[in-house]
Number of protein chains: 2
Amino acid sequence: MGRHREFDVEKALDAALCVFWRKGYEGASYADLTEATGVERPALYSAFGNKEALFRQALDRYYERYLDYLPKALELPTSREVAAFIMSNAIDLNTRYPSHTGCLGINGVLAGSDEAEPVRQALIDARAVGEMQLRERFERAKAEGDLPETAKPAALAAFLLAVLHGMAVQAKAGFSREALEAVAEQALSAWPTKSA
Amino acid sequence: MGRHREFDVEKALDAALCVFWRKGYEGASYADLTEATGVERPALYSAFGNKEALFRQALDRYYERYLDYLPKALELPTSREVAAFIMSNAIDLNTRYPSHTGCLGINGVLAGSDEAEPVRQALIDARAVGEMQLRERFERAKAEGDLPETAKPAALAAFLLAVLHGMAVQAKAGFSREALEAVAEQALSAWPTKSA
DNA sequence: TGAATTTCATAATGGTCGTTATTAAACCAC
DNA sequence: GTGGTTTAATAACGACCATTATGAAATTCA
């Protein structure tokens with residue numbers, strides 16, 4: 001019983017996600033969030049909790065709605081295809097929406113005041129999970145003979161993530177899709193192959 | 001005539017620079033700045049102007065004091081040495097001070113509220129200058145025969161900067177020097193050479 | 001219809017932000 | 001010394017921050 005909720009929680013979370021994407025965690029104010037969601041402050045609090053909880057839910061949604069290409073990529077047959085697929089999708093994601101370029105995780109909190117530290121740590125942890133998955137995938141590639149014996153899966157995973165992060169920064173700085181594709185092509189040209 | 005300034009402006013700027021380095025532009029408050037510099041707020045205003053002006057002066061100082069390896073790098077004989085030297089120095093800079101890891105320019109403002117937009121643009125512009133210098137250097141390398149005819153100087157410059165930005169993000173996330181060196185090594189392994 | 005319950009919008013909370021009056025202290029030229 | 005001038009420190013400014021108390025509106029069950 002009781003009064004019904006008059007706004008769509010899913011839509012509100014999507015709108016909040018875009019605000020965080022564009023302005024980062026601390027840069028997004030409740031004035032921004034209420035304007036984007038069309039939902040008054042108290043309603044946001046009752047639906048999502050405080051700002052940190054709202055951001056964490058937006059981050060979860062970001063992974064499942066926008067980073068869904070990551071699990072798909074890991075299933076591709078070769079490590080090179082994995083890397084190429086991820087970079088291609090990341091470029092698209094980083095440049096698709098002019099109003100919120102780059103990556104939510106990177107824009108979110110690179111630096112900020114001390115009270116943003118828990119959120120910063122959450123983003124670092126999420127990044128570390130992705131890195132581990134990549135490393136395991138490349139270890140498998142090495143075991144399968146897709147990667148040469150000299151290949152270092154951990155270094156490859158770190159390298160790929162570095163390029164991805166760098167492209168996210170460049171996208172935030174206004175880089176075009178074409179420029180980022182040239183970066184990805186250069187990164188791929190270094191990819192180790194089995195053939196000696 | 002008049003009373004003498006009791007604090008060292010240079011030292012105060014250095015201290016402010018470290019605060020911005022660690023917390024970014026918006027994340028750094030005047031409470032942080034006065035504590036780090038030992039200078040009261042009004043004195044900071046009279047010496048440097050407002051917060052944006054202070055940040056810009058800190059950024060200038062950052063380039064001349066910490067990024068002084070960039071002009072040196074451009075004078076090295078080969079493009080590969082240029083890239084290797086820059087990455088090596090960047091890794092050192094990004095991990096040398098545990099209290100302010102990563103890069104001031106990257107940490108400064110990736111995202112933030114709208115009023116930080118002028119500062120964000122200043123950082124983007126500064127980055128663009130560095131990219132242009134790299135591109136010109138690689139064009140020279142191509143003309144000199146150091147780089148093959150198939151090499152794309154603009155793409156190489158963008159790629160190198162992407163890796164540098166990515167390493168800065170990773171340093172902020174706690175990456176060790178060794179991990180970053182593996183990333184740099186992987187990036188260098190892709191570097192085009194004249195010999196077919 | 002009426003009591004219970006949930007959501008709604010308005011507005012206020014204490015705190016911190018960047019910025020600046022204000023006043024006391026220190027210095028130089030005369 | 002004294003007047004003129006610059007800096008120093010305290011404290012205040014309005015604005016905005018995240019968060020929440022408050023009471024009206026809306027719905028369900030009895």
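Below, the figures for the structure above:
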item: Qualifying residue in segment B:59-80 (condition: open to solvent by 20 Å² or more (accessible area, probe 1.4 Å) and within 15 Å of DNA strand C (Cβ to nearest atom)); result: no
item: Some residue of segment A:176-189 being over 25 Å from A:L104 (Cβ atoms), small (G, A, S) and open to solvent by 10 Å² or more (accessible area, probe 1.4 Å); result: yes
item: Candidates B:L110, B:L160, B:L134, filtered to the one that is facing chain A (nearest Cβ under 7 Å) and open to solvent by less than 80 Å² (accessible area, probe 1.4 Å); result: B:L110
item: Tally, over segment A:74-101, of residues that are touching a Lys or Arg at 6+ places or on another chain (Cβ under 7 Å) and under 16 Å from A:A16 (Cα atoms); result: 3
item: Every residue from segment A:165-175 that is within 7 Å of another protein chain (Cβ to nearest Cβ) and part of a helix (DSSP H, G or I); result: A:H165, A:G166, A:M167, A:V169, A:Q170, A:K172
item: Filter result for the condition that a residue is without any contact (Cβ under 8 Å) to a residue 60 or more places away in the chain, more than 7 Å from chain B (Cβ to nearest Cβ) and part of a loop (DSSP other than H, G, I, E, B), over A:E149, A:E178; result: A:E149
item: Among (1) more than 13 Å from DNA strand D (Cβ to nearest atom); (2) under 28 Å from A:G102 (Cα atoms); (3) at pLDDT 95 or above - the single one B:L110 does not satisfy; result: (3)
item: Contacts under 7 angstrom Cβ, first residue in segment B:27-41 being assigned by TED's automatic domain parsing to the domain that holds B:K51, partner small (G, A, S) and in a helix (DSSP H, G or I), 6 or more apart; result: B:L33/B:A16; B:A36/B:A15; B:A36/B:A16; B:T37/B:A12; B:T37/B:A15; B:T37/B:A16; B:V39/B:A12
item: Qualifying helices (runs of 4 or more DSSP H) (wholly inside segment A:11-87; at least 2 residues being touching a Leu at 6+ places or on another chain (Cβ under 6 Å)); result: A:51-65
item: Some residue of segment A:147-156 being crowded, with 19+ Cβ neighbours inside 10 Å, among the aliphatic types (A, V, I, L, M) and within 29 Å of A:G108 (Cβ to Cβ); result: yes
item: Members of segment B:1-10 that are free of Cβ contacts under 8 Å to residues at least 24 places away in the same chain and in a loop (DSSP other than H, G, I, E, B); result: B:M1, B:G2, B:R3, B:H4, B:E6, B:D8
item: Test: residue in segment B:67-76 that is of a type outside the set (A, V, I, L, M, F, W, C) and within 14 Å of another protein chain (Cβ to nearest Cβ); result: no
item: Failed item, numbered, when B:A90 is tested on (1) more than 14 Å from chain A (Cβ to nearest Cβ); (2) in contact with a Leu (Cβ under 6 Å, 6 or more places away or on another chain); result: (1)
item: Search result, residues across segment A:152-175 that are more than 16 Å from the chain's Cα centre (by Cα) and in contact (Cβ under 8 Å) with a residue 60 or more places away in the chain; result: A:L156, A:G174, A:F175
item: Unique match (being β-branched (V, I, T) and facing chain B (nearest Cβ under 10 Å)) among A:V129, A:V183; result: A:V183
item: Selection from segment A:34-58 of residues that are aromatic (F, W, Y) and either open to solvent by 20 Å² or more (accessible area, probe 1.4 Å) or in contact with a Pro (Cβ under 9 Å, 6 or more places away or on another chain) (or both); result: A:Y45
item: Qualifying residue in segment A:58-75 (condition: free of Cβ contacts under 8 Å to residues at least 24 places away in the same chain and over 18 Å from the mean Cα position of the chain (by Cα)); result: yes
item: Failed condition for B:A182, given (1) on the phi < 0 side of the Ramachandran plot; (2) of a type in the set (G, A, S); (3) under 20 Å from the mean Cα position of the chain (by Cα); result: (3)
item: Options A:R177, A:R127, A:R135: the member that is charged (D, E, K, R) and touching an Asp or Glu at 6+ places or on another chain (Cβ under 9 Å); result: A:R177
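The values are calculated or read from the model by the stated rules, or taken from the named source; none is laboratory data. Every value quoted in this text rests on a predicted model; they were computed, and no experiment measured them. Don't worry about glycine lacking a Cβ; one is built from the backbone with ideal geometry, like all the others, and counts go over all protein chains shown. The accessibility values were calculated without ligands, DNA or RNA, using every heavy atom of the protein model including side chains. Shrake-Rupley method; radii C 1.70, N 1.55, O 1.52, S 1.80 Å.
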